[in-house]
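Trainee: The structure's right below; bear with me while I get my questions together.
The values are calculated or read from the model by the stated rules, or taken from the named source; none is laboratory data. Only a predicted model underlies this, so the values are computations on that prediction, with no experimental measurement involved. All Cβ positions, glycine included, derive from the backbone under ideal geometry; neighbour counts span all protein chains shown. Only protein heavy atoms, including side chains, enter the accessible area calculation; ligands, DNA and RNA are left aside. Shrake-Rupley method; radii C 1.70, N 1.55, O 1.52, S 1.80 Å.
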Amino acid sequence: MPSVHAMSPINQIFEQAFSEFDVPVPILKAVCYLEGGLSNHNGIASADNGYGCMHLTENAEHTTLAQAAQDLNVDKAVLKTDLATNIRGGAAVLRDYKRLLSGSASVSSGLDSWSTVLGAYSGASAPDVEQMYADAVYKIIQEGFVATAEAGDRVTLSPQAVQPRPMHLTQIEHKYAGSQPLVQPFQEEALPGGCKRNGQTDYPGAINCIVNAKTFECSKVPDKAPCTYESAKRPEKYSLPFVAIHDIEGPAISALKIMHNVKSEVSVHYIVDSNGTVYQVVHETDIAYHLGNYWYNQHSIGIEHSGYAATGYRWYNATQYLASAKLTAYLLKKYHIPLDRSHVIGHGDVPAPMLSVAPNHVDPGPYWLWGYYFKLINAAGVPYPNKWARATNIITISPPSDRFLTGLNGRETSDNHNFFSVYSGPSTRSALAAPPGDHTGTDEVNNVGTGISYAYTNFTFDKAGTGYGMYQIWYGLETHLRDRKSSHLATARQVWLAVPPDSLNNGGNGIVVALNDDSKVYSKPDSDKKYQLGDAPDGATFVAGLKVQGEDDDWYEINYNHRQAWIPASNVDV
């Protein structure tokens, strides 16, 4: 069996994998670019437990990670973390599938002959999705690309005029336990309806991937059977004040697989691919399970995007932003939703429903450019809203790196990072206000995102001499993370927000609300104690972006920390 090879520049790795496994270099480059953006993502798994730029999977339906580990005689951990080994592992699996499907030990290197192999490699549960995956790979080969890999290597794939052969509708049994997988007849019932370009979508131009209600809708399946969404008459029954932005933690194809698997028990309304293609999975009037907080699910429309939160600069691009902005503009107009950060939110802006399941997700992460995105939505015909009230002590961070793509050809770079830290004192030499969290660059316990408004109580320049402005704000700190009995319960305290020069937008949207008594803070407009996620003292001030009517009180949404939260109107003065 081949052994682990020393790391070499990525272009040499592709050539080496071709020499070993006779898989064409353009196929390998296109898969690595499609699945992982030429990155192994620090060994972090995708949403369907796939690893590395070749997306070697380890889940109930697809086990190419184990298959690659056996082929290369390496530990699975190496495949997860070493880019060279991951590429070679993906090449080995592609070779295995090629041999299996052709019934021959020889492997043809002609680019046009890999359609069925690529479909099998995708791990999709229906031919429609297999075909989309193969088409996506060939589209990359036909268009070519110039991109930078995770180690800084420049990778070029020259455009090639290739006409792929028709796909054979055979399916590989992917479960792998030390023996070769098997070819079997395709079982279409795993994905009822598939995806069709038939115009029968809510959003004009979207591809129809809407799941079958008989199989996926919760009121139509037997008790205790898995389901992924609820039919509802929105906005008549539930108001729709939110559009929620997500990233997939992988490519669009992986999200489609997940959303078309009823056992996943998750759903979303739309998916936007890196190339701008929009897919619809659930009708807008229905409740999708996408935000991890059921109240927010009831009142929002969700949009997934190809990419990873921690390395969004390798994924988010002008084409994707433009397509998504056009979709969001359509939704804002249709449902009369204001264009501000209280209403167009990220998954990472939404609190977990209860402390027992905190924290919630962190996508779309620090590389989603809200300022740039809002400018595109505005250009699509959605006006910026009038501010509720202009208070002199409301600030919003809006740096140049949030308004412009810093890379070439409509792409981002790592300089587009847009989370800003909060400190315990008026100096960037002070300790962070809360202990670091996940260390992946997406930590949301001691920073703020762009476009979110806060009320400041004091100002000074950074005592460390950076020229940053230091603004003292109230912020819900998770102060119990290191207790013997760890908890995500938060307490509002005064911290210092570091704002770089040329990065401040005075004013923002919303009104300042001040607590007139000590108050509990909730994950939704409901005073049931199980929804309490923190507290705040008498006199604490926050910015509220919207107000809703509850059963026993009116409620203000506040920017409590990095996430939204809710306080009863009876506890505040405006």
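Trainee: Would you mind getting the accessible area per residue of the chain, heavy atoms of the protein chains only, 1.4 Å probe, in Å²? Each step should come with its number before you reach the end.
Mentor: Values: 22690 Å² over 574 residues.
On a per-residue basis, 40 Å².
Trainee: Pull out the extension gain between Val146 and Tyr294, defined as 0.36 nm times the separation in residues minus the alpha carbon to alpha carbon distance; nm, one decimal.
Mentor: 49.1 nm
Trainee: Largest first and to the nearest Å, give the Cα extent of the chain along each principal axis.
Mentor: Principal axes ranked by extent give 77, 57, 50 Å for the Cα atoms.
Trainee: Now for a separate question. Specify the angular offset, from 0 to 90 degrees and rounded to the nearest 10, of the alpha carbon long axis of helix 318-335 from the longest principal axis of the alpha carbons in the chain.
Mentor: Its long axis makes an angle of about 50 degrees.
Trainee: Using a basic spin-label model with each label point 7 Å from the Cα along Cα→Cβ, how many nm lie between Cys218 and Asp573?
Mentor: 4.2 nm
Trainee: Let me ask you something else. Carbon and sulfur: what percent of region 7-69's accessible surface (1.4 Å probe)?
Mentor: C and S fraction of accessible area: 53 percent.
Trainee: Could you sort Met132, Met54, Met354 by their accessible area in this structure, using a 1.4 Å probe and putting the largest first?
Mentor: On the way: Met132 35, Met54 0, Met354 65 Å².
From most exposed to least exposed: Met354, Met132, Met54.
Trainee: Could you give the radius of gyration (one decimal) and Dmax (whole number) of the Cα atoms in region 1-151, in Å?
Mentor: Looking at region 1-151, its Cα Rg and Dmax stand at 13.9, 39 Å.
Trainee: With the full set of protein chains in place, find how many percent of the accessible area of region 459-574 is carbon and sulfur; take the probe as 1.4 Å.
Mentor: 42 percent
Trainee: Then there is this: As an exercise, use a Förster radius of 41 Å and the Cβ-Cβ distance of Asp22 and Lys196 to find the FRET efficiency, rounded to the nearest 0.05. Please list the in-between numbers first.
Mentor: Details: r = 35 Å, r/R0 = 0.87.
Between Asp22 and Lys196 the formula returns 0.70.
Trainee: Check cross-link reach from Lys333 to the lysines: straight Cα distance under 28 Å, and skip same-chain residues fewer than eight apart.
Mentor: Within the straight-line limit of under 28 Å, Lys333 reaches these lysines: Lys196, Lys233, Lys237, Lys375, Lys387, Lys524, Lys547.
Trainee: Where the centre of each part is set by its Cα atoms, how far does region 541-574 sit from region 316-339, in angstrom?
Mentor: Here the answer is 26 Å between Cα centres.
Trainee: With the crude spin-label approximation of a point 7 Å out along Cα→Cβ, what separation in nm comes out for Phe461 versus Arg165?
Mentor: Inter-label distance under the simple model: 7.1 nm.
Trainee: Report, in degrees rounded to the nearest 10, the 0 to 90 angle that the Cα long axis of helix 83-102 makes with the longest principal axis of the chain.
Mentor: The angle comes out near 50 degrees.
Trainee: Another question about this same structure. Express the relative contact order of the chain as a whole percentage, based on alpha carbon pairs under 8 Å and six or more residues apart in sequence.
Mentor: Once divided by the residue count of the chain, the mean separation gives 9 percent.
Trainee: Please report the antiparallel percentage of DSSP beta bridges with both residues in the chain, rounded to the nearest 5.
Mentor: 80 percent
Trainee: Kindly provide the Kirkwood hydrodynamic radius of region 213-307 in Å, to one decimal, from all pairs of distinct alpha carbon atoms.
Mentor: 13.4 Å
Trainee: With all protein chains present, how much of the accessible area of region 254-358 (probe radius 1.4 Å) comes from carbon and sulfur, to the nearest whole percent?
Mentor: Here it works out to 58 percent.
Trainee: With all pairs of different alpha carbon atoms counted, what Kirkwood hydrodynamic radius in Å does region 479-571 show?
Mentor: Result for region 479-571, one decimal place: 14.4 Å.
Trainee: Would you mind pulling out the separation of the Cα centroids of region 203-269 and region 19-85, in Å?
Mentor: If we compute the Cα centre of each part, the gap is 28 Å.
Trainee: Where Rh is the Kirkwood radius over the Cα pairs of region 10-79, the temperature 20 °C and the viscosity 1.002 mPa s, what D in µm²/s does Stokes-Einstein return?
Mentor: 172 µm²/s
Trainee: Rounded to the nearest 500, what is the chain's calculated 222 nm mean residue ellipticity when only DSSP H runs of at least 4 contribute -39500 (n - 2.57) each, over all residues?
Mentor: Calculated at 222 nm, the ellipticity per residue is -7000 deg cm²/dmol.
Trainee: Evaluate the Debye formula for region 46-102 with equal point scatterers sitting on the alpha carbons, no solvent, and hand back log10 of I(q)/I(0) at q = 0.15, 0.16 Å⁻¹, in q order, two decimals.
Mentor: For the requested q values the scattering log ratios are -0.36, -0.40.
Trainee: Hey, rough spin-label estimate for Tyr238 and Thr319, points 7 angstrom out along Cα→Cβ, what's it come to in nanometres?
Mentor: The answer from the label model is 3.4 nm.
Trainee: How much length would be gained if the chain were fully extended between Ser104 and Thr491, taking 0.36 nm per residue of separation minus their Cα-Cα distance, in nm to one decimal?
Mentor: Taking Ser104 through Thr491 to full extension adds about 132.8 nm, to one decimal.
Trainee: Using a 1.4 angstrom probe with every protein chain in place, what is the largest-first accessible-area order of Asp75, Asp340?
Mentor: Asp75, Asp340
Trainee: Angle between the Cα long axis of helix 370-379 and the longest principal axis of the chain, 0 to 90 degrees, nearest 10?
Mentor: The helix 370-379 is inclined about 90 degrees to the chain.
Trainee: Which is the longest part of the chain that has none of the GluC sites (Glu not before Pro) sitting in a DSSP loop with at most 12 other Cβ atoms within 10 Å?
Mentor: That gives 237-550 as the longest site-free run.
Trainee: Let me ask something additional. Can you give the accessible area of Tyr330 in Å² (nearest 10), computed on protein heavy atoms with a 1.4 Å probe?
Mentor: Rounded to the nearest 10, that gives 50 Å².
Trainee: Can you give me the convex hull volume of the Cα atoms of region 257-367, divided per residue and expressed in Å³? Walk me through the numbers before you get to the answer.
Mentor: Numbers: hull volume 12.7 nm³, N = 111.
In region 257-367, the Cα convex hull volume per residue is 114 Å³.
Trainee: Between Asp518 and Leu432, what FRET efficiency follows from the Cβ-Cβ distance if R0 is 30 Å, with the result rounded to 0.05? Numbers along the way, then the final one.
Mentor: Working: r = 26 Å, r/R0 = 0.86.
Result of the calculation: an efficiency of 0.70.
Trainee: Same structure, new question: Once you have the alpha carbon radius of gyration of region 357-514, what is it after dividing by 2.2 N^0.38 Å, with N set to its residue count? Kindly include the intermediate steps, with their values, before the conclusion.
Mentor: Details: Rg = 16.5 Å, N = 158, 2.2 N^0.38 = 15.1 Å.
My calculation over the Cα atoms of region 357-514 gives 1.09.
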